[in-house]
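Okay, so here's the structure we're looking at.
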Amino acid sequence: MIDRRSLLRTSGAAAAGALGAAALSSTAAAADSDPTAGVTRTLLQEHPSPAEGWEAVQTLVQIPRHKESGRHSHPGIEVGYIIRGDVLMEFDDRPPLRLCTGDPFFIPNGVIHNARNVGTVTTMMLSTYVVDETKPLVTTY
């Protein structure tokens, strides 16, 4: 690993420019190779559930073209709706499900799944969860 401070002190501006270009290049390459790069989950609301120990959580998930959510599960159910885009919902225990704009979906408690954007625009999904409030909303694999 390059020590950026010592490189800048000993080599001056030319080294700083070269280091900056290398950092930008490696950052872009890492984003291209990371299948989950750019995926966002925005918390919209969170409320206690009528069932003690559970909570209702709603998020807006955005998945850029050619990207995916990554294999994960939730400690409760997920009820979702595709606002925009095309998704291949992949599961560990059943065949994949093709979802398009306007399609609803349901994922049972603990089921490992991956949402892969197979369309031409950033996919937007509204996901509502009823989950165990003592556990993380998402567990990745």
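The values are calculated or read from the model by the stated rules, or taken from the named source; none is laboratory data. Everything numeric in this text was worked out from a predicted model, so none of it was measured. Cβ coordinates were reconstructed from backbone atoms using ideal geometry, including for glycine residues, and neighbour counts include every protein chain displayed. Ligands, DNA and RNA are stripped out before the accessible areas are found, and what is left, the full protein with its side chains, is counted by its heavy atoms. Shrake-Rupley method; radii C 1.70, N 1.55, O 1.52, S 1.80 Å.
Our coupling estimate for segment 112-126, obtained by passing each phi through the Karplus curve with A = 6.51, B = -1.76, C = 1.60 and θ = phi - 60°, is 6, 8, 8, 9, 9, 6, 10, x, 10, 10, 5, 6, 10, 10, 9 Hz, Gly and Pro reported as x. Simple spin-label estimate for E46 and L97 gives 2.6 nm between the two label positions (7 Å along the Cα-to-Cβ direction from each Cα). Paramagnetic label reach from H72 (point 7 Å along Cα→Cβ; backbone nitrogen cut-off under 14 Å): within segment 95-119, residues 110-117.
Remark on I112: its backbone amide H falls under 5 Å from those of D92, a criterion applied only to residues 5 or more positions apart or on other chains, H modelled at 1.01 Å from N. In segment 76-141, Rg over Rh equals 0.97, where Rg is the alpha-carbon radius of gyration and Rh the Kirkwood radius from pairwise Cα distances.
Highest mean first, the peptides 63-76, 40-53 sorted by other C-beta atoms within 10 Å per residue fall in the order 63-76, 40-53. Here segment 58-132 exposes an accessible surface that is 58 percent carbon and sulfur, computed with a 1.4 Å probe and the other protein chains kept in place.
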